[in-house]
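Chemist: Here's a structure for you.
Bear in mind these aren't lab numbers, they're just calculated from the coordinates by the rules spelled out. Predicted, not measured: the structure shown is a model, and the values here were computed from it. Here Cβ is always computed from backbone atoms with ideal geometry, including for glycine, and neighbour counts include all displayed protein chains.
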Amino acid sequence: MNFEVTGKLEKYLDVQEGKTKSDEVWKKQSFVVKSDESFNNLYCFDLFAKGDKLSNVENLTKYNKVGDSVKVSFNVSTNEYNGKYYTSLNAWRVENSKQTESSQPSSGGDDLPF
């Protein structure tokens with residue numbers, strides 16, 4: 001199931017990085033977003049990337065600055081480790097409401113319907 005939250009980007013946490021068992025490099029950028037909701041309005045998201053997608057982590061901080069209004073699309077995942085359960089909000093798209101179409105990366109094709 002996919003979810004969305006819109007709010008203000010409050011802060012970035014330190015980037016974590018490492019290698020998988022197959023020696024592939026990975027990075028995880030955690031960031032905090034505060035929505036306008038009255039209760040439960042603070043969210044800590046993780047953006048995880050590995051292999052040829054590592055630039056996604058750099059692009060997150062390049063195109064989204066603290067204080068910007070963003071819309072985050074994410075999945076919720078829960079994992080068990082040693083009898084304890086951990087829930088993560090895994091971001092897979094972050095859209096900055098202040099960016100214009102001209103500043104966003106192009107797909108290289110003509111997307112016009114005519």
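Chemist: Taking amide hydrogens as modeled 1.01 Å from N in the peptide plane, which residues meet the under 5 Å criterion relative to Asp68, leaving out close sequence neighbours?
Modeler: Leu9
Chemist: When ranked by the protection proxy of mean other Cβ atoms within 10 Å per residue, highest first, what sequence do the peptides 67-74, 53-60 form?
Modeler: Top of the packing list down: 67-74, 53-60.
Chemist: Past 21 Å, Cα to Cα, is the threshold; run Lys21/Lys53; Lys8/Lys62; Lys8/Lys84; Lys11/Lys62; Lys11/Lys34 against it and keep the listed order.
Modeler: Checking Cα-Cα distances, Lys8/Lys84 exceed 21 Å.
Chemist: I want the local charge near Glu10. Using Cβ-Cβ distances under 12 Å, sum +1 for each Lys or Arg and -1 for each Asp or Glu among the other residues.
Modeler: Surrounding charge for Glu10 is +3.
Chemist: Once you list every other residue whose beta carbon is under 11 Å from the beta carbon of Asp46, what net charge do they have if Lys and Arg are +1 and Asp and Glu are -1?
Modeler: Combined, the nearby Lys, Arg, Asp and Glu give +2.
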